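Here the structure comes first, spelled out in structure tokens, and everything after it is commentary.
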Amino acid sequence: MTDGLEDVVAAETVLSDVDGLAGRLIVRGQPLEALAGHSTYAQVLSLLWDGFFPALPADLSLPLGEARQRVYALTERELPLLADRPVYDGMRALIARLPDETDLDSALLLAAAPAVLLPALPRLRAGAAPIAPDAALGHATDMLRMATGVVPRPEAAAALDTYLVTVADHGLNASTFAARVIASTQAGLNSAVLGALGALKGALHGGAPGPVLDMLDAIGAPSNAESWIDAELARGGRLMGFGHRIYRVRDPRADALKAALGRIHKVGAVNADRMALADAVETTALAALRRHKPDRQLDTNVEFYTALLLEALGFPRDAFTAVFAAGRVGGWIAHAKEAGQGRLIRPKSRYVGPMPRKAA
Ligand code: ACO
């Protein structure tokens, strides 16, 4: 059996392709580099959802904005009840209250929901009132405005857009696979998104960026990087933000996010000491991983720069995985629509347990 289904082809998709040897991600025929930093999240939703919904509007920016407003209206009363829960869990509980259909309206509500809920829950926790969405603003601009209370600088909104676009779809990752399995049973889109949210939460998938910052905090200064990393590897720990099942070279999404970080660094939005520490940790970690696992080719993954970018944009650390979900939800919905058109996904297992005793 293939451990972890490594190298098993479990679906055909028109949505995205990850070439782990070339370090290349293609989304509906376009390389990531042509989308990240050039397209808005709403534009990438149109790209991903094209052909899966009848009469899909060419421009989804306003429909997505109106969906943010509807999510807010549908969840406003219950938001305070979930403010003491971890952001991700509170967000998931409120998403469960949305419709479980397969039409465009339901898809838009689900795509809009994380962007509304993940800023509102930490505000309530801090004793501040949540901020209602503004349908006329771009998705990333409004999300940052709801999180911080002020309309963000265009550079910050562009950096968040780059992030959301960069993580919108990525082949048959664990959460997308979960969404496809659920959709193949003809369950609704909400069911698929909730299942995917469960898969994304783990530290080996979308839960790593918060721990990346914990690691940087624990290292503290560039001069401590080598000894801390060596000790961590010696005790069998994993360095968060490094390694990937598919990529055997650098994850191209890490470069897209590093470029976005560089752009907001230029306008003074990134702490220079943080950047210097991150540079030192990345260089030291890559060298240490090469010594530690010479045959595995462990490189920087998307989560390392995600952590730095989302911190610089002002999101609380425990909301990072929810911000990841705000991007990936567009891909989950597209995959759920695609898998919902296919056969029930029902593989086999090999039984290795005891057999019943033969009657005497
Ligand atoms: N630090 C130290 N050792 C590592 C790391 C790491 N970051 N990643 C892999 N290894 C080691 C493993 O311990 C394992 O060693 P072993 O063969 O002696 O047991 C070997 O490399 C292979 O690791 P696997 O777990 O088999 O690799 P897999 O492809 O299953 O895992 C994963 C990929 C989960 C991302 C892994 O690299 C990891 O745990 N990284 C740290 C967490 C992380 O950054 N997660 C975010 C991933 S990106 C995303 O999902 C969006």
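The values are calculated or read from the model by the stated rules, or taken from the named source; none is laboratory data. In this text, all values refer to a predicted model and were calculated from it rather than measured experimentally. Here Cβ is always computed from backbone atoms with ideal geometry, including for glycine, and neighbour counts include all displayed protein chains. With ligands, DNA and RNA removed, areas are computed over all heavy atoms of the protein, side chains included. Shrake-Rupley method; radii C 1.70, N 1.55, O 1.52, S 1.80 Å.
Which count do you get for residues in region 139-154 that are surrounded by fewer than 22 Cβ atoms within 10 Å (Cβ to Cβ) and part of a loop (DSSP other than H, G, I, E, B)?
Here the count works out to 4.
Report yes if some residue within region 297-305 is crowded, with 18+ Cβ neighbours inside 10 Å, in contact (Cβ under 8 Å) with a residue 24 or more places away in the chain, of a type in the set (A, V, I, L, M, F, W, C) and away from the ligand (no atom under 16 Å from the Cβ); otherwise report no.
no
Is there a residue being under 18 Å from the mean Cα position of the chain (by Cα) and either of a type outside the set (A, V, I, L, M, F, W, C) or closer than 19 Å to ARG328 by Cβ (or both) anywhere in region 74-84?
The answer is no; no qualifying residue exists.
Exactly one of (1) within 12 Å of the ligand (Cβ to nearest atom); (2) open to solvent by less than 10 Å² (accessible area, probe 1.4 Å) is unmet by GLY236. Its number?
(2)
Tell me whether region 95-116 contains one or more residues that are at pLDDT 95 or above, assigned to a helix (DSSP H, G or I), basic (Lys, Arg) and closer than 20 Å to LYS201 by Cβ.
No, the conditions are met nowhere in region 95-116.
Answer yes or no: is there a residue in region 36-52 that is surrounded by 15 or more Cβ atoms within 10 Å (Cβ to Cβ) and within 16 Å of the ligand (Cβ to nearest atom).
Taking every residue of region 36-52 in turn, at least one turns out to be surrounded by 15 or more Cβ atoms within 10 Å (Cβ to Cβ) and within 16 Å of the ligand (Cβ to nearest atom).
Looking only at region 306-320, count how many residues are within 15 Å of the ligand (Cβ to nearest atom) and either in a loop (DSSP other than H, G, I, E, B) or farther than 13 Å from PRO122 by Cβ (or both).
Residues that pass the stated criteria total 4.
Out of region 148-207, which residues are farther than 22 Å from PRO122 by Cβ, among the charged types (D, E, K, R) and touching a Ser or Thr at 6+ places or on another chain (Cβ under 8 Å)?
ASP169
Just to be sure, is LEU21 surrounded by fewer than 15 Cβ atoms within 10 Å (Cβ to Cβ), hydrophobic (A, V, I, L, M, F, W, C) and closer than 21 Å to ASN173 by Cβ?
Here the answer is yes, as LEU21 does meet what is asked.
Would you confirm, using the coordinates I've provided, whether ARG245 is open to solvent by 40 Å² or more (accessible area, probe 1.4 Å), away from the ligand (no atom under 14 Å from the Cβ), of a type in the set (Lys, Arg) and modelled with pLDDT under 95?
no
Starting from residues that are farther than 19 Å from ALA326 by Cα and outside any helix (DSSP H, G or I), keep the ones in region 177-233 and report whichever is least open to solvent (accessible area, probe 1.4 Å).
SER184
Could you grab the pairs with beta carbons closer than 6 Å, sequence gap of 6+ or different chains, first residue in region 243-269 and acidic (Asp, Glu), second one within 13 Å of the ligand (Cβ to nearest atom) and not in a loop (DSSP other than H, G, I, E, B)?
ASP251/VAL302
Could you tell me how many of the residues in region 273-296 are more than 16 Å from the ligand (Cβ to nearest atom) and open to solvent by 60 Å² or more (accessible area, probe 1.4 Å)?
Adding up the residues that qualify gives 2.
Would you check which residues across region 56-92 are free of Cβ contacts under 8 Å to residues at least 40 places away in the same chain, open to solvent by 40 Å² or more (accessible area, probe 1.4 Å) and among the hydrophobic types (A, V, I, L, M, F, W, C) and list them?
Of everything in region 56-92, those that are free of Cβ contacts under 8 Å to residues at least 40 places away in the same chain, open to solvent by 40 Å² or more (accessible area, probe 1.4 Å) and among the hydrophobic types (A, V, I, L, M, F, W, C) turn out to be ALA58, ALA73, LEU74, LEU81.
Mind listing whichever residues of region 249-272 are within 10 Å of the ligand (Cβ to nearest atom) and in a loop (DSSP other than H, G, I, E, B)?
The answer is ASP251, and nothing else.
Do we find that GLY353 is over 27 Å from ARG180 (Cα atoms) and open to solvent by 20 Å² or more (accessible area, probe 1.4 Å) in this structure?
Criteria met by GLY353.
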